[in-house]
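This report refers to the structure that appears directly beneath it.
The values are calculated or read from the model by the stated rules, or taken from the named source; none is laboratory data. For clarity, every value in this text was computed on a predicted model and none was experimentally measured. Every residue, glycine as well, gets a Cβ built from its backbone with ideal geometry; the counts of neighbours run over all protein chains shown. Keep in mind that these areas ignore ligands, DNA and RNA; they rest on the heavy atoms of the full protein, side chains included. Shrake-Rupley method; radii C 1.70, N 1.55, O 1.52, S 1.80 Å.
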Amino acid sequence: MPSWIAALEAREDGARLRAEGLREQTGGLSEALAQVECELSRLQITRETMNEVLSAPAASSAEVPEVFEPLVPAPVPVAGLMQAAALLVAAEAGGDQAVTSPAYRQIAAVFAEQTGAKRCKDVLAAIGVPEATASQRESMRSKLKRLVERGVLVEAEPGLFTLAEAGVR
């Protein structure tokens, strides 16, 4: 006959194992519950937002407040744009994809929009960088020199650039 102490210890061990198993199940259930509650919260917010959007009347453009002044483009000399476009198209036709990138098109547009020779700092100011760093100036200078090599710009004097003639390359 086993002693009552051994029987009690066996029952205690069994209860301890069941408690540990239940704790593990509770932990897993708590994690699953948290995930489901998060999903439920997102769905409720989505439903509320969609109800607001669908129930509100569509705002007309007159009801939307103007925060910024509408941009009115300055008149651009058509001849300058045509000349810059022709030079860029010629460069692209020659297989030069670099000078048709947005940065180079922006530079060509500056020369097309504003007549006369420009220095590097003038081009930077025209594209919206009035207080350029030394690295920005050098980067722009190398782009301008590259456009000179491609026949899009002409360096009239050292550091003074103008738009090249459309037929000259």
Check your understanding: out of contact with any Asp or Glu (no Cβ under 9 Å at 6 or more places or on another chain), modelled with pLDDT of 85 or more and open to solvent by 70 Å² or more (accessible area, probe 1.4 Å), is that true of Glu37?
Key -> yes
Restricting the range 115-139 to residues that are assigned to a loop (DSSP other than H, G, I, E, B) and open to solvent by 60 Å² or more (accessible area, probe 1.4 Å), the one modelled with the lowest pLDDT turns out to be Thr115
All conditions in (1) modelled with pLDDT under 90; (2) open to solvent by less than 70 Å² (accessible area, probe 1.4 Å) are true of Gly21 except (1)
Log entry, pairs with first residue in the range 119-139 being under 18 Å from Leu163 (Cβ atoms), second being open to solvent by 40 Å² or more (accessible area, probe 1.4 Å), beta carbons closer than 6 Å, six or more apart or on different chains, reads Cys120/Arg137; Cys120/Arg141; Ile127/Gln106
Within the range 140-166, restricting to residues that are open to solvent by 80 Å² or more (accessible area, probe 1.4 Å) and part of a loop (DSSP other than H, G, I, E, B), the one that is nearest to Gly116 (Cα to Cα) is Glu165
- Message: Given the criteria modelled with pLDDT of 65 or more and surrounded by fewer than 10 Cβ atoms within 10 Å (Cβ to Cβ), does Ser101 qualify?
- Response: no
